[in-house]
Amino acid sequence: MTSISSELHRIVASLKGSGLSVELLEDGAMVHDGESRVALFAESDEQGGVLVRLHLDLDLYVEEDAVADVLVGMNLMNQGLDYGTLMLDPVEDEEDEERVAFAVLGRSVLWLPDLDGVELRRLREHLRRFETEITEAVERTLQGSGGMKA
């Protein structure tokens with residue numbers, strides 16, 4: 001078992017111990033909280049500690065012709081976020097290779113100096129806040145009168 005997978009296993013065990021539903025994937029883990037699914041990846045940092053990357057798929061897709069408007073809206077939303085950021089990720093259309101679309105994702109990175117109890121609690125709190133903050137920001141925007149149009 002490599003150092004990276006050992007760190008990931010410790011993180012997964014801690015998250016499971018706190019009552020979260022977590023499953024190991026090939027190169028990371030999937031944290032389930034209600035309907036939300038946050039992908040978690042861990043890697044050793046060159047200066048010590050562990051970098052934890054969080055990815056939240058929002059199941060929102062943007063066509064190429066709407067990207068400029070959506071980027072302006074995402075920039076405004078990102079200014080109010082403390083625990084993550086919204087990004088666009090290109091999506092391949094298996095039926096039409098000419099068609100370009102983007103998925104809207106929430107992403108966050110957290111550096112942990114070690115994996116002691118205090119840092120693992122900080123990770124759980126960051127994970128909770130990240131998911132809540134991103135989800136609420138997108139829901140407010142989509143429900144508001146000036147919502148993101150895709």
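Please treat every number below as a calculation from the coordinates, not as lab data. These figures come from a predicted structure and were not determined experimentally. Neighbour counts are summed over all protein chains in view; Cβ atoms, including those assigned to glycine, are modelled from backbone coordinates with ideal geometry.
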### Task
Count, please, the residues in segment 104-140 that happen to be part of a helix (DSSP H, G or I), among the hydrophobic types (A, V, I, L, M, F, W, C) and within 23 Å of E64 (Cα to Cα).
3
### Query
Which of the residues spanning segment 61-93 are more than 16 Å from the chain's Cα centre (by Cα) and not hydrophobic (A, V, I, L, M, F, W, C)?
E63, E64, D65, D69, G73, N75, Q79, G80, E92, D93
### Summary
Log entry, pairs with first residue in segment 13-24 being of a type in the set (V, I, T), second being part of a helix (DSSP H, G or I), beta carbons closer than 6 Å, six or more apart or on different chains, reads V22/V12; V22/L15; V22/K16
### Query
Could you list, in sequence order, the residues of segment 35-55 that are in contact with a helix residue (DSSP H, G or I) (Cβ under 9 Å, 6 or more places away or on another chain) and under 27 Å from L86 (Cβ atoms)?
S36, V38, L40, F41, A42, E43, G49, V50, V52, L54
#### Entry: Options L76, L110, L81; residue that is free of Cβ contacts under 8 Å to residues at least 60 places away in the same chain, farther than 20 Å from V22 by Cα, of a type outside the set (D, E) and surrounded by 15 or more Cβ atoms within 10 Å (Cβ to Cβ)
L81
### Message
Condition (residue is of a type in the set (A, V, I, L, M) and part of a helix (DSSP H, G or I)) applied to segment 80-101: is it met by at least one residue?
### Response
no
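Just give me the residues in segment 44-60 being part of a strand (DSSP E or B) and either on the phi > 0 side of the Ramachandran plot or surrounded by 15 or more Cβ atoms within 10 Å (Cβ to Cβ) (or both), in sequence order.
Hits for segment 44-60 are V50, L51, V52, L54, H55, L56, L58, D59, L60.
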